[in-house]
Amino acid sequence: MFHHVSIGVSGLARSAAFYDAVLGALGHERHMEKPGTVSWHPKSGGGVFWINERDELAVPADDGCHIAFAAESPMQVDAFYETAIVSGAVGDGRPGFRPHYRDTYYGAFVLDPDGHKLEAMHVPPA
C-alpha cells in the first residue's frame, strides 16, 4: 500500500547509524543518500523508509502513531529489539506474542533516539 514513509530526525549521523543497525537486523539495507536524508528498503524490494534531518524537531509523546516493520520471524523481532536497545532506543514493549492483535502476532516496540515509536512484527502466513 505505501510506497515510502519518512520521518524527521534531530541528528542525521546518529539516526543513520541507529537505523543501519536496527533495520539491518530485519534484513534491510541502505537504499539512497542525499544531503540531509537517508533511506532503507528490504533487500527483496518493497516500501522505502526515509529519515530527514530537521533543525527543530518535536516528536509528540504517545500521539497514537507508530511505524511497524515486518519481520521474517520472531527471531528477527527479538534481534530488532535487542539491537535497538543497545543502539540507544528505549524499550516500549518487550518482544512477545500479542494475542489481543491476533493469536500468532509476535511484536516488539521501541522509541528511537528522537522518540519515534517503532515496532517490529511477525505474523506467519495463513
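The values are calculated or read from the model by the stated rules, or taken from the named source; none is laboratory data. Note that the structure is predicted; figures quoted are calculated from it, not measured. No Cβ is skipped: glycine too gets one built from the backbone with ideal geometry, and neighbour counts run over all protein chains shown.
For segment 28-50, what are the residues that are surrounded by 15 or more Cβ atoms within 10 Å (Cβ to Cβ) and small (Gly, Ala, Ser)?
Scanning segment 28-50 gives a single hit, Ser39.
Quick one: in segment 36-53, of everything that is part of a strand (DSSP E or B) and not β-branched (Val, Ile, Thr), which residue is farthest from Ser15 (Cα to Cα)?
Keep residues of segment 36-53 that are part of a strand (DSSP E or B), which gives 37-42, 48-53.
Imposing the further condition that a residue be not β-branched (Val, Ile, Thr) reduces the set to 39-42, 49-50, 52-53.
On the way: Ser39: 11, Trp40: 12, His41: 16, Pro42: 18, Phe49: 13, Trp50: 11, Asn52: 9, Glu53: 9 Å.
For segment 36-53, the residue satisfying everything is Pro42.
Could you grab the pairs with beta carbons closer than 6 Å, sequence gap of 6+ or different chains, first residue in segment 98-126 and at positive phi, second one among the acidic types (Asp, Glu)?
Listed pairs, sorted by first residue: none to list.
Of all residues in segment 40-54 being at pLDDT 90 or above and over 15 Å from the mean Cα position of the chain (by Cα), which is nearest to His122 (Cα to Cα)? Give the derivation first.
Kept after step one, since they are at pLDDT 90 or above, are these residues of segment 40-54: 40-42, 47-54.
Next cut, over 15 Å from the mean Cα position of the chain (by Cα) only: 53-54.
Values: Glu53: 29, Arg54: 31 Å.
Checked segment 40-54; the qualifying residue nearest to His122 (Cα to Cα) is Glu53.
Return the residues of segment 59-85 that are touching a residue at least 60 places away in the same chain (Cβ under 8 Å) and either out of contact with any helix residue (DSSP H, G or I) (no Cβ under 7 Å at 6 or more places or on another chain) or surrounded by fewer than 17 Cβ atoms within 10 Å (Cβ to Cβ) (or both); say none if nothing qualifies. Break it down stepwise before answering.
Initially, segment 59-85 is screened for residues touching a residue at least 60 places away in the same chain (Cβ under 8 Å), giving 67, 83-84.
Within segment 59-85, just Ile67 meets the criteria.
What's the number of the only condition in (1) on the phi < 0 side of the Ramachandran plot; (2) surrounded by fewer than 13 Cβ atoms within 10 Å (Cβ to Cβ) that Val9 fails to meet?
Here Val9 clears every test but (2).
Please verify whether segment 59-69 includes one or more residues that are in a loop (DSSP other than H, G, I, E, B), in contact with a Gly (Cβ under 8 Å, 6 or more places away or on another chain) and small (Gly, Ala, Ser).
yes
Determine which member of the set Glu56, Glu33 is acidic (Asp, Glu), part of a strand (DSSP E or B) and free of Cβ contacts under 8 Å to residues at least 24 places away in the same chain. Please lay out each step first, then the result.
Values: Glu56 fails: part of a strand (DSSP E or B).
Only one candidate qualifies: Glu33.
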